[in-house]
1. Out of the residues in the stretch 373-393 that are part of a loop (DSSP other than H, G, I, E, B) and of a type in the set (A, V, I, L, M), which is least open to solvent (accessible area, probe 1.4 Å)?
2. For Gly246, all conditions in the list (1) touching a helix residue (DSSP H, G or I) at 6+ places or on another chain (Cβ under 6 Å); (2) in a loop (DSSP other than H, G, I, E, B) hold save one; what is the number of the exception?
3. With closer than 25 Å to Asp377 by Cα, among the hydrophobic types (A, V, I, L, M, F, W, C) and open to solvent by 10 Å² or more (accessible area, probe 1.4 Å) as the only criterion, which of Val316, Val336, Val322, Val277 stands out?
4. Based on what the data block shows, is Thr300 of a type in the set (Val, Ile, Thr), in contact with a strand residue (DSSP E or B) (Cβ under 7 Å, 6 or more places away or on another chain) and without any contact (Cβ under 8 Å) to a residue 60 or more places away in the chain?
5. Residues to consider are Ser308, Ser333; find the one that is hydroxyl-bearing (Ser, Thr, Tyr) and assigned to a strand (DSSP E or B).
6. State the number of residues belonging to the stretch 174-209 that are out of contact with any helix residue (DSSP H, G or I) (no Cβ under 9 Å at 6 or more places or on another chain) and among the small types (Gly, Ala, Ser).
7. Suppose we filter Leu163, Leu194 for residues that are touching a Cys at 6+ places or on another chain (Cβ under 7 Å) and open to solvent by less than 50 Å² (accessible area, probe 1.4 Å); which single one remains?
8. Within the stretch 170-199, which residues are part of a strand (DSSP E or B) and touching a Pro at 6+ places or on another chain (Cβ under 7 Å)?
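The values are calculated or read from the model by the stated rules, or taken from the named source; none is laboratory data. The structure presented is a predicted model; accordingly, all values stated were derived computationally and were not measured. Quick reminder, even Gly has a Cβ in these numbers, built from the backbone with ideal geometry, and neighbours come from all protein chains shown. We work out accessible area using only protein heavy atoms, side chains counted, and drop any ligands, DNA or RNA first. Shrake-Rupley method; radii C 1.70, N 1.55, O 1.52, S 1.80 Å.
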Amino acid sequence: MRRPSSRPTPPFVIVSAACVGIAVGGCADRALTAAGGTDSGSTSGAESGGLGPVTREVYEEPGADILFVVDNSGAMGQEQGKLAAGIGAMLEVFERPEVNLDVRIGVTTTDNGHPQCEGTTPEGGKLQAVSCRARESDFVLMTTGWNDSFFQEACADWCPETLADLSTIPTTTHEDDEAVPRAWVERIDGVTNLPEGVSVEDALRCFLPQGINGCGFEAPLESMWKALQLGEMIPSSPNFGFRRPGAILAVVFVTDEADCSLNPDASSIFDPEGDRVFWSDPTANFPTSAVCWNAGVSCTGGPGTYTSCDPANKDVFGNEGVSEDEAALLPVSRYVQLLRYIQSGQWSPVPWSGVVVAGLVGVPLDYAQTGEIVYQDGDDPAFLDAFGIGPGCSSASETAVPPVRMRDLAAQFGVPDGPLLRSICADDFAPALRAIGEAIAARKRGGCVTWCVEDEDRGTFGYTEASCVVTETYATSSGTERREVPPCTLTCGGAPCEASDGPDGWAVPQGAEVCYRMLVDRVGR
């Protein structure tokens, strides 16, 4: 179906079809969806001889569920402020009339707990929906004490005092019929789960800043994994029900560090009493985050400029190429498998669920144009001593580690041009967030019939004449209401035309608010 932005989305579409003739099938482009019916799940029309009318329910794609995994370690105050300042650019994409994407947005941190991070309160993937105005202490570095600039630039500049007590209003989910406040922000059918007068942008400007007192051994990949698992498996979790069946899933990492998703059996690599195999300075009193880089990345070529840097499975003794179970850092394949599982539709009744992985991470400022990270020694001696390589990007306020493991994941769930990554060293995050929003919106699809319908006129190649009645069913205060949906109008140069004239588009018929379109899978025709 194609629908205008002002029209609310119904629960589902019912397609009724009297089937005779040859079986054909197909799915739609992003704006329009196919509609049709079938005689049975696997019997072709030619074999069936037409078994009479069939009714099917087709659930529409409900939009996008977006998970932000925000680094809450000590160097991220300014970056969190830029994230809050720029989030409106992403939301503007979703609110464009031609997009009109329903969204649900949750936030967690990179703090997954770590043997060297005593005193932090690891979120472990749990969604956070508490105003930063109510969490001033989260913007204090434990090592330096209070510094007002962290709170001001990360939170107070973007979240007004009036929203210090901000919380979501009660809603239900597909998993829970009881209306309770949720740990996420949503805008569905034009309605938010926020108090009157508070926009989604207002709320996210208060919820996205997560503070700077989290663990400095960041685990963005494992935090994502736990956030998604909690949402599916643990009813007592604030995440439960976050992902909607059939929704696009987008994960956005915001960090300036390498991923340090530690195998619990390998904590000895950080132990000062251990072998210190991955320590850049074996004489140091404490490990640094460079241990994460050394334990999970291998570079070829160099010194000077390196051919490539890639994820590597290394055991606690430094041996490379070990089994995934023996790897000191949890393997990237763990996260690929989870997202592929989601993408396959096994958690969803709709088979085209999309997955997008994006990041504001340590890639060069021109990464959007080049798609390249040049791995080289750089001119920062301290960084080179720690990591054995130069930063992925740097600016007056930021020096970021190349995101090798996150880049590898994003490469498998990115865009045609490559991993959907943008530089955390940028002065303004709005362009990056807009680009990520556009990539998410490009995945939008409506409800599509994925079985065969039958063509009553086999003489018109490429077009389907099926005896179908398409209706929408709405929930009302008195029960349900069903409305018939007309077919979309074929247009040539903006005016109605015949199929043979060379169509250049489809339009909602005059007087209607929504329509359906028949498409044809020509394979085997």
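1. Taking the candidates together, the pick is Ile389.
2. Condition not satisfied by Gly246: (1).
3. Numbers: Val316 fails: closer than 25 Å to Asp377 by Cα; Val336 fails: closer than 25 Å to Asp377 by Cα; Val322 fails: closer than 25 Å to Asp377 by Cα.
Exactly one of Val316, Val336, Val322, Val277 is closer than 25 Å to Asp377 by Cα, among the hydrophobic types (A, V, I, L, M, F, W, C) and open to solvent by 10 Å² or more (accessible area, probe 1.4 Å), namely Val277.
4. yes
5. Ser308
6. Qualifying residue count, the stretch 174-209: 4.
7. Leu163
8. Val180
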